[in-house]
Amino acid sequence: MATILITGAAGNLGSRLARRLLNTGDRLRLMVHRKPVPADLANAANVEIAPADLARPQTIAQAVAGADCIVHFAGVLFRPRPERFLPETNVRWFGNLVDAAIAAGVGRIILVSFPHVEGPTTPENPATDRLDRQPISAHARTRLEAERLLFARTQGTRTTPVVIRAATVYGRGILMVEAARKLARLRLLGVWRQPTWYHFIHIDDFLDAVATAISKPGIEGIYPVGDEQPITIQQFLDGATEVWGVPRPWRMPWWMIYTAAASCEAFATLFGTFSPLTRDFVRLGRVDHCCDTKRMRAELLPTLAWPTFEAGKATLR
């Protein structure tokens with residue numbers, strides 16, 4: 001029986017992974033800061049709640065003590081001007097966690113990342129395991145820096161570094177998918193005209209891949225995780241709106257979407273609210289990203305429940 005620590009356990013993906021692991025027989029330690037975990041998780045017999053603040057290293061040691069594996073989801077989203085805070089939240093905070101884990105002798109750290117860290121990639125030239133790229137968005141730059149930090153600091157220690165570069169996760173209840181559903185019903189969903197390659201992975205397959213990365217011996221290094229068939233973001237949204245029974249999204253000039261993001265940030269900055277859309281997030285979204293999934297298939301997930309979006313889109317109902 002292992003002890004698995006999940007950071008960001010109250011979040012969308014962190015809470016779903018916790019539910020996926022409830023019946024594995026492992027002990028789950030769910031790290032929380034301000035937001036509590038859902039009641040069904042908090043009340044489960046094999047779940048322990050571990051309050052900690054990644055910005056304050058002195059609060060982390062007790063949370064990581066005795067953990068066999070850490071899965072890192074924690075971060076800050078939907079705030080204006082992410083280029084100002086992401087170097088702190090994505091890199092320094094993660095560095096605090098890594099240092100505490102190494103000191104505690106944690107056996108494995110899994111960082112959930114994304115293929116955008118390699119910059120534009122296509123089906124012909126997919127993302128693999130490169131750490132030497134220079135992505136354009138702050139989200140991707142800081143996540144790549146976190147990957148580099150993980151490998152550098154764990155070198156020569158008993159802690160094994162693992163990076164899951166997950167393609168865009170979809171499924172019912174996923175935040176970005178549900179936001180698109182709401183906008184589509186209001187006839188406010190739009191997408192830029194230029195076809196942009198996206199690689200997707202269904203939430204069920206993503207969770208299975210991470211669960212295997214936690215438990216399987218010998219897992220180490222970078223694993224791009226995606227399904228069998230990259231498509232464009234336009235194809236994804238057209239397929240999703242078809243399932244939802246609403247009109248397909250508007251095709252809009254790039255500058256209109258970028259201006260809308262700038263307006264969201266300005267409003268959020270002025271009134272101290274969340275910003276559901278930021279300019280940096282739009283820059284990230286416009287980057288073609290595809291994964292070379294051979295290593296995933298060989299070591300983590302040889303068979304997918306939903307091998308293509310076409311096979312899995314009905315689950316969005």
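The values are calculated or read from the model by the stated rules, or taken from the named source; none is laboratory data. For clarity, every value in this text was computed on a predicted model and none was experimentally measured. Reconstructed Cβ throughout: ideal geometry from the backbone, glycine too, with neighbour counts over all protein chains shown.
Wholly within the range 167-242, which strands (runs of 3 or more DSSP E) include no fewer than the required count, namely at least 3 residues that are under 15 Å from the mean Cα position of the chain (by Cα) and of a type outside the set (Asp, Glu)?
Where strands (runs of 3 or more DSSP E) fall fully within the range 167-242 and carry at least 3 residues being under 15 Å from the mean Cα position of the chain (by Cα) and of a type outside the set (Asp, Glu), they are 168-170, 200-202, 221-225.
Enumerate the pairs (first residue in the range 277-297 and under 18 Å from Arg251 (Cα atoms); second residue anywhere and part of a helix (DSSP H, G or I) and of a type in the set (Ser, Thr, Tyr)) with beta-carbon separation below 6 Å, excluding pairs fewer than 6 apart on the same chain, so at least 6 apart or on different chains.
Val282/Tyr258
Here is a list: Val282, Val287. Which entry is assigned to a loop (DSSP other than H, G, I, E, B) and either modelled with pLDDT under 95 or surrounded by 16 or more Cβ atoms within 10 Å (Cβ to Cβ) (or both)?
Checking each option against the conditions leaves just Val287.
Looking only at the range 134-162, filter to residues that are surrounded by fewer than 16 Cβ atoms within 10 Å (Cβ to Cβ) and touching a residue at least 40 places away in the same chain (Cβ under 8 Å); which one of those is nearest to Asp288 (Cα to Cα)?
Ile136
Can you tell me which residue within the range 260-279, out of those that are under 15 Å from Leu188 (Cα atoms) and in a helix (DSSP H, G or I), is nearest to the chain's Cα centre (by Cα)?
Ranking the candidates gives Ala261 first.
Using the structure shown, decide if Leu301 is farther than 23 Å from Leu237 by Cα, in contact with a helix residue (DSSP H, G or I) (Cβ under 6 Å, 6 or more places away or on another chain) and modelled with pLDDT of 95 or more.
For Leu301, the condition - farther than 23 Å from Leu237 by Cα, in contact with a helix residue (DSSP H, G or I) (Cβ under 6 Å, 6 or more places away or on another chain) and modelled with pLDDT of 95 or more - is met.
Restricting the search to the range 43-61, which residues are surrounded by fewer than 16 Cβ atoms within 10 Å (Cβ to Cβ), without any contact (Cβ under 8 Å) to a residue 40 or more places away in the chain, within 18 Å of Phe73 (Cα to Cα) and among the hydrophobic types (A, V, I, L, M, F, W, C)?
Scanning the range 43-61 gives no hits.
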